[in-house]
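Visitor: Have a look at the structure that comes next, please.
Just so it is clear, none of the values below were taken in a lab; they were calculated from the coordinates. Small disclaimer: the values here were computed from a predicted structure and weren't measured. Virtual Cβ from ideal backbone geometry, glycine too; neighbours counted across all protein chains shown.
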Amino acid sequence: MSFEVGSLSRIAGYSSEGDLIAMLRSLGVGVLRFGGVTADEQVAWTDEAVARPLWALSVLEGGNLSQLGRLAAASGWGVILTLGFGHYDPQAAAREAAVAKAALGSSLEAIEIGNEPEAYARHGLRPLPWAPEQYNEQVLAYRSAIEALAPGIPLAGPDSSGSSSYERWGLNEAIYQRPALLTGHHYPMGCAEQPAPTIARLLSGHVRALEEQSLRRYVFIARETEVPFRLDESGTVSCGGVPGISNTFASALWGVSYLTQAMRIGAAGINLEGNPTNCLGYTPVCAPNAEAAATGALEARPEWYALLLAKSLLGERPLRTIIGPANRPNVVASAFRAADGTTKFVLIDDDAPGARSVAMRLHVGGGFRGATILSLTAPSPDALTGVELGGRAVAANGTWSQPAVLPRAANEHGVITVDVAPSSAALVTVAPKH
């Protein structure tokens, strides 16, 4: 998951109360990324040597990072931390990095220098000309200051707003900065675009095709430069999301499709953007009211179920998957293979309710047993509640456990037939016979 730096103090406070640690553990091992526009324009580092600047709406202090270190240690999750770059101050960034390294230890997976820096001139954060040459000069000053106080912290970047400029900014980052990780963002729809975003467009084949193009641009640079790429910020609609789209079951169906698409194309990781105090926009978890936010009584939103479904695919190898021409265009399928030979299929039918169910015929051959089926369902794509995985909702304390017995489908002469209802997804697991 990814959160704004402006939410870091709140999230870190859940190290001693609330449901977040249990929820993170239920997903296994992951990475929390803190970044966003607040890292550059709203939140400033402060300590005994760094005064609060006039532009800052809030501050980040050593105590916040100590709490974050305890949260990371208790949950087993790593952290990517974005240092403010919009207001140029290498020494303040170095002091923050040093405290973060001491507080987080091995949990600090990388630092990013700035959020979406290629757009700084457009947002009034840098004068023209602003190009990779000027960016490199200033990043090197940051890195020199950081290395003097906190040597050895891996770098991630350039944290671009999209892939359209990545051939320039991503390639520049890989060649001249040699980061441990390339990073960038993607939102399939813009909050101000016309026509306005809709659920139908979010789940359309056209949007999926554009997402694939974007992912391939990112991953091409990663493969050419041999630096892994992480999509470290993504959500349904930009600007925090749109109620009636980003907080509905449609976001879970989109999430499953996009997560598996990123895995298949070769991203090293992905972070879904969230806001712990806004349940109306995009977020895997949030607090439904002020009291819940204060105590950390978070609840799982639809996107959380996409993460739960996808977690068993981590570390597995994507397989080339061909969908026959008889299937409808809004049916999506991906296949993955584990080290022990187990094959998993992720099947998604993005058609609206009322369409006929699809009988998916999985040609696996005779060397496999029958399949188990873990279904992701809700009353409708625009449902705000009633989301279930394997017939179960996430519990009030944030935990979820897979049912001991799942529906099964037989392997008949090398073919397994699975019925997928419209507006649903399924994880189909097929184990080898030996």
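Visitor: Cut-off under 30 Å on the C-alpha distance; same-chain residues fewer than 8 positions from Lys344 excluded. Which lysines are left, in chain and number order?
Guide: By straight Cα distance, Lys344 reaches Lys311, Lys433.
Visitor: Show the residues, 5+ positions off or on another chain, whose built amide H is closer than 5 Å to the amide H of Ser2.
Guide: Here the answer is Arg33, Leu272, Glu273, Gly274, since their amide H atoms fall under 5 Å of that of Ser2.
Visitor: Which whole-Hz couplings ³J(HN,Hα) result when phi for each residue of region 411-425 is put into the Karplus expression 6.51 cos²θ - 1.76 cosθ + 1.60, θ = phi - 60°, listed in order with x for Gly and Pro?
Guide: 8, 10, 6, x, 10, 10, 9, 10, 7, 10, 6, x, 6, 8, 9
Visitor: Which whole-Hz couplings ³J(HN,Hα) result when phi for each residue of region 63-69 is put into the Karplus expression 6.51 cos²θ - 1.76 cosθ + 1.60, θ = phi - 60°, listed in order with x for Gly and Pro?
Guide: Using θ = phi - 60°, the values come out as x, 4, 6, 5, 5, 4, x Hz.
Visitor: By per-residue mean of other Cβ atoms within 10 Å, what is the highest-first order of 295-307, 75-87?
Guide: Packing proxy ranking, top to bottom: 295-307, 75-87.
Visitor: Can you give the extra length, in nm with one decimal, that the chain gains between Thr385 and Leu314 once fully stretched, where that is 0.36 nm per residue apart less the Cα-Cα distance?
Guide: 22.8 nm
Visitor: Here is a follow-up. To the nearest 10 degrees, how steeply does helix 205-225 sit against the main Cα axis of the chain, on a 0 to 90 scale?
Guide: It works out to around 50 degrees.
Visitor: Have a look at Ala393, Ile113, Ala355 and report the one farthest towards the positive end of the charge dipole of the chain, computed about the Cα centre with Cβ charges (Lys/Arg +1, Asp/Glu -1).
Guide: Ala355
Visitor: Same structure again: How do Lys311, Lys344 rank when sorted from fewest to most other Cβ atoms within 10 Å of their own Cβ?
Guide: Least to most surrounded, the residues fall as Lys311, Lys344.
Visitor: Report the Cα-based extents of the chain along its three principal axes, largest first, to the nearest Å.
Guide: Its Cα atoms span 70, 48, 47 Å along the three principal axes.
Visitor: For region 1-156, just say rounded, prolate or oblate: build the C-alpha gyration tensor, square-root its eigenvalues into a ≥ b ≥ c, call rounded for a/c under 1.5, and beyond that prolate if a/b exceeds b/c, oblate if not.
Guide: The shape class here is prolate.
Visitor: Now a separate question. Dipole size in debye (nearest 20) for the chain around its Cα centre, Lys and Arg Cβ +1, Asp and Glu Cβ -1?
Guide: Here the size comes out at about 1460 debye.
Visitor: With +1 on the Cβ of every Lys and Arg and -1 on the Cβ of every Asp and Glu, and nothing else charged, how large is the dipole of region 288-434 about its Cα centre, in debye rounded to the nearest 20?
Guide: 660
Visitor: On to the next question. Indicate the gyration tensor shape class of region 274-368 (rounded, prolate or oblate), computed on the Cα atoms with a ≥ b ≥ c the square roots of the eigenvalues: a/c under 1.5 is rounded; otherwise a/b larger than b/c is prolate and the rest oblate.
Guide: oblate
Visitor: Express as a percent, rounded to the nearest 5, the fraction of DSSP beta bridges in the chain (both residues included) that run antiparallel.
Guide: In the chain, approximately 55 percent of DSSP beta bridges are antiparallel ones.
Visitor: Rounded, prolate or oblate: pick one for region 318-432, where a ≥ b ≥ c are the square roots of the eigenvalues of its C-alpha gyration tensor, a/c under 1.5 means rounded, and failing that, prolate if a/b is larger than b/c, else oblate.
Guide: oblate
Visitor: On to the next question. If I take every Cα pair under 8 Å that is 6 or more residues apart in region 2-315, average their sequence separation and divide by the length, what percent do I get for the relative contact order?
Guide: 15
Visitor: Taking the Cβ of Leu406 as the centre, find all other residues whose Cβ is under 14 Å away and add up their charges (Lys, Arg: +1; Asp, Glu: -1).
Guide: Computed value for this residue: +3.
Visitor: For Leu374, Leu308, Leu182, what's the fewest-to-most ordering of other Cβ within 10 Å of each Cβ?
Guide: Arranged by neighbour count, lowest to highest, Leu374, Leu308, Leu182 become Leu374, Leu308, Leu182.
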